[in-house]
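The values are calculated or read from the model by the stated rules, or taken from the named source; none is laboratory data. What you see is a predicted model; the values in this text were computed from it and never measured. Cβ placement follows ideal geometry from the backbone for every residue including glycine, while neighbour counts extend to all protein chains displayed.
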Amino acid sequence: MIQVTDITKKFGNVVAVDSVTLNVKEGEVVALLGANGAGKSTLIKCILGLLDYKGKIEIQNRNIKENLKLSKSLIGYVPQDPLFYDMKTVDILHFFGSIRRVDEKRIKSLLSLVGLEDHKHKLSSELSGGMRQRLSFAVGLLSDPPVLILDEPTSNLDANAKGDFLNLVKERKNQGKTVLFSSHRLDEVYFLADRVLFMKSGRVILDEKPQNLANSLGMRAKINLIIPEGSISKAISILTKEGFGSVSRNGSGLYVEVEEGKRIVPFEKLMQARIPITDFTIQESSMETVIKHIEENGY
């Protein structure tokens, strides 16, 4: 569906995208990850036809430089910070709908789909951040495009608004839409993506399935186990003998670092030794942890 071949984009002497080649299959959801300045947004703008570049980009086997108008009609785009004239929600959809040549029925169905039917007469300035992003999503869906491109669409949303938005994207995924999105959130990747592309210094340095990402990057989770005082020393001894190199005392319990795919093992070993666990918390790996690991250790 999306074929990017040897794309390079420079701003003066700065190479923002460096010889990137990638493929997104029909119906696939691919996440672009990386630190700020890695080249994610620049690559997206090249695919959208907003920037000139060296190389070739095709949407449904059509070179976008040779078929720019048609290629744009195949893509629904949701930016990080949607900007609208201060018009009523329904009027904004009518405005973009006239460009996309869609009818009133389509606009009504999209208002219902994104949960803005009760807010259609509000000005865009009266909408919350989550509502504006849902409005942006509705604009992107007006012509029912086969491809959706989302540039960090939840970065400015609170937890509830983020969840609502991600569920909207998930529904489109289940309908067979092809989705390329950039993100700084691992939870979004695990929820949506079929593949993960990690960018660094304008290059794609990792192409992996989300379920294999942790092992590929050596990611580790930190588990805080609450254990009765009289059992802590024995628990530390058992876990150390089992090969857990980072086990430390933590007040009424202990910390143990484990590989992401082996979270259950400390629990199993302590239960086998009849050591009670009264409570626990798990500190997830963050995007910052992943980026730091790659910056320090490479891939």
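Structure summary
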{"quantity": "Flag for F181 being under 18 Å from L22 (Cα atoms), touching a strand residue (DSSP E or B) at 6+ places or on another chain (Cβ under 8 Å) and surrounded by 18 or more Cβ atoms within 10 Å (Cβ to Cβ)", "calculated": "yes"}
{"quantity": "In segment 150-177, the residues that are closer than 24 Å to V4 by Cα and touching a Gly at 6+ places or on another chain (Cβ under 6 Å)", "calculated": "G176"}
{"quantity": "Test: residue in segment 106-117 that is touching a strand residue (DSSP E or B) at 6+ places or on another chain (Cβ under 9 Å), surrounded by 14 or more Cβ atoms within 10 Å (Cβ to Cβ), not aliphatic (A, V, I, L, M) and not in a helix (DSSP H, G or I)", "calculated": "no"}
{"quantity": "Residues satisfying the stated conditions in segment 67-105, i.e. in a helix (DSSP H, G or I) and touching a residue at least 60 places away in the same chain (Cβ under 8 Å)", "calculated": "S73"}
{"quantity": "Residues (under 13 Å from the mean Cα position of the chain (by Cα) and farther than 24 Å from R100 by Cα) located in segment 153-169", "calculated": "T154, S155, K162, G163, L166, N167"}
{"quantity": "Selected residue (criterion: nearest to V20 (Cα to Cα)) from residues of segment 201-229 that are without any contact (Cβ under 8 Å) to a residue 60 or more places away in the chain and among the polar types (S, T, N, Q)", "calculated": "N212"}
{"quantity": "All positions within segment 201-223 that are in a loop (DSSP other than H, G, I, E, B) and surrounded by fewer than 22 Cβ atoms within 10 Å (Cβ to Cβ)", "calculated": "S201, K209, G218, M219"}
{"quantity": "Meets criteria (surrounded by 15 or more Cβ atoms within 10 Å (Cβ to Cβ), of a type outside the set (D, E, K, R) and over 28 Å from the mean Cα position of the chain (by Cα)) for V102", "calculated": "yes"}
{"quantity": "The listed residue being outside any loop (DSSP other than H, G, I, E, B) and either without any contact (Cβ under 8 Å) to a residue 60 or more places away in the chain or of a type in the set (D, E) (or both), out of F181, F191, F198", "calculated": "F191"}
{"quantity": "Those residues of segment 149-178 which are without any contact (Cβ under 8 Å) to a residue 60 or more places away in the chain, part of a loop (DSSP other than H, G, I, E, B) and of a type in the set (S, T, N, Q), in sequence order", "calculated": "T154, Q175"}
{"quantity": "Positions within segment 224-245 being buried (at least 18 other Cβ atoms within 10 Å of the Cβ) and under 32 Å from the mean Cα position of the chain (by Cα), in sequence order", "calculated": "L225, F244"}
{"quantity": "Some residue of segment 51-66 being part of a loop (DSSP other than H, G, I, E, B), within 14 Å of V147 (Cα to Cα) and either over 26 Å from the mean Cα position of the chain (by Cα) or not aliphatic (A, V, I, L, M) (or both)", "calculated": "yes"}
{"quantity": "Checking T21 against (1) under 20 Å from A193 (Cα atoms); (2) touching a Gly at 6+ places or on another chain (Cβ under 9 Å); (3) assigned to a loop (DSSP other than H, G, I, E, B), the condition it does not meet", "calculated": "(3)"}
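Listed here are the residues, each with its yes/no results for (1) of a type outside the set (S, T, N, Q); (2) surrounded by fewer than 20 Cβ atoms within 10 Å (Cβ to Cβ); (3) not assigned by TED's automatic domain parsing to the domain that holds D144.
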{"residue": "K10", "(1), (2), (3)": "yes, yes, no"}
{"residue": "V29", "(1), (2), (3)": "yes, no, no"}
{"residue": "L43", "(1), (2), (3)": "yes, no, no"}
{"residue": "G49", "(1), (2), (3)": "yes, yes, no"}
{"residue": "K65", "(1), (2), (3)": "yes, yes, no"}
{"residue": "T89", "(1), (2), (3)": "no, no, no"}
